[in-house]
Amino acid sequence: MNPSRVKYPRTPHLPWSPGASADDERLVDCGNFEGRRVVVTEKMDGENTTLYSDGLHARSLDSRHHPSRNWVKAWHGSIAHHIPDGWRMCGENVYARHSIAYESLDGYFYLFSIWNAENHCLSWQETMEWAAQLECPCPAVLFEGEWNAALIRQFSVDPETSEGYVVRLAEGFPFGDFGTSIGKWVRSHHVQTDQHWMHAPIIPNQLRQDG
């Protein structure tokens with residue numbers, strides 16, 4: 001296994017997330033967000049994928065071939081030269097339908113974090129600038145500003161069209177602080193398919209039809 005590969009950590013659930021199972025990680029509190037600027041983005045229903053200048057993998061470092069990954073592999077081949085050595089781009093591969101049927105996507109790879117050669121997560125502003133360079137979307141921003149737990153807890157999510165939301169520090173942070181710098185809210189019973197999507201026929205999600 002390539003020692004330069006890094007598995008994307010499990011994102012802890014926010015204390016009020018209803019979709020956490022018994023073995024999921026939870027934030028004990030949100031103290032690290034207090035008094036700091038945060039970004040809340042939509043949680044996409046796809047496959048966590050990490051891109052490097054010389055390869056890619058899903059959350060598992062030994063990801064085997066699966067046809068749902070063909071699109072992202074081809075796209076990665078067209079943009080890999082933009083990724084600096086030692087950096088990684090993390091996002092959601094939403095080509096294949098999982099539990100939510102997307103009908104108006106801006107692309108099939110949604111970039112949500114970038115890690116430099118020092119294993120430091122770039123700020124959200126820098127992430128969006130890279131997304132523009134790579135010509136790929138970022139998840140929709142639902143809120144950006146100083147942490148406000150009361151406000152964020154009131155967010156309403158349509159379970160038919162959204163899996164939930166993710167809160168992260170707007171500034172950058174080191175990999176070692178991941179567990180206190182990001183959290184997610186996931187809908188109850190968020191896996192709604194009768195069988196795991198990898199064992200079902202692939203149904204591509206739909207892209208936005210401009211015009």
Problem set entry | Cross-chain or 6+ apart pairs with Cβ under 8 Å, the stretch 103-115 first and more than 16 Å from GLU129 (Cβ to Cβ), then outside any loop (DSSP other than H, G, I, E, B) and not hydrophobic (A, V, I, L, M, F, W, C) | TYR108/ASN93; PHE109/THR49; PHE109/GLY91; PHE109/GLU92; PHE109/ASN93
For this session: Residue by residue through the stretch 51-73, note down the ones that are of a type in the set (A, V, I, L, M) and crowded, with 16+ Cβ neighbours inside 10 Å.
Result: LEU51, LEU56, ALA58, VAL72
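Residue-wise test of (1) surrounded by fewer than 18 Cβ atoms within 10 Å (Cβ to Cβ); (2) more than 26 Å from ALA132 (Cβ to Cβ).
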| residue | (1), (2) |
| --- | --- |
| ALA22 | yes, yes |
| LEU27 | no, yes |
| THR41 | no, no |
| THR49 | no, no |
| TRP75 | no, no |
| ASN93 | no, no |
| ARG97 | no, yes |
| ILE100 | no, no |
Exercise. If we scan the stretch 84-95, do we find a residue that is closer than 21 Å to GLY172 by Cβ and of a type in the set (Val, Ile, Thr)?
Worked result: no
Problem set entry | Any hit, the stretch 145-152, residues being within 22 Å of ARG37 (Cα to Cα), within 17 Å of the chain's Cα centre (by Cα) and of a type outside the set (A, V, I, L, M, F, W, C) | no
Problem set entry | Looking only at the stretch 14-35, and only at residues there that are assigned to a loop (DSSP other than H, G, I, E, B) and polar (S, T, N, Q), the one that is farthest from GLU146 (Cα to Cα) | SER21
Problem set entry | Residue satisfying all of: in the stretch 76-106; within 18 Å of the chain's Cα centre (by Cα) and of a type in the set (D, E, K, R); nearest to GLY55 (Cα to Cα) among these | ARG88
Problem set entry | Hits in the stretch 29-39 (condition: surrounded by 16 or more Cβ atoms within 10 Å (Cβ to Cβ) and either charged (D, E, K, R) or touching a helix residue (DSSP H, G or I) at 6+ places or on another chain (Cβ under 7 Å) (or both)) | CYS30, ASN32, VAL39
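Every read-out reported here was derived from the displayed coordinates using simple, explicitly stated rules and does not represent laboratory data. Quick caveat, the model's predicted, so the values are computed rather than measured. Every residue, glycine as well, gets a Cβ built from its backbone with ideal geometry; the counts of neighbours run over all protein chains shown.
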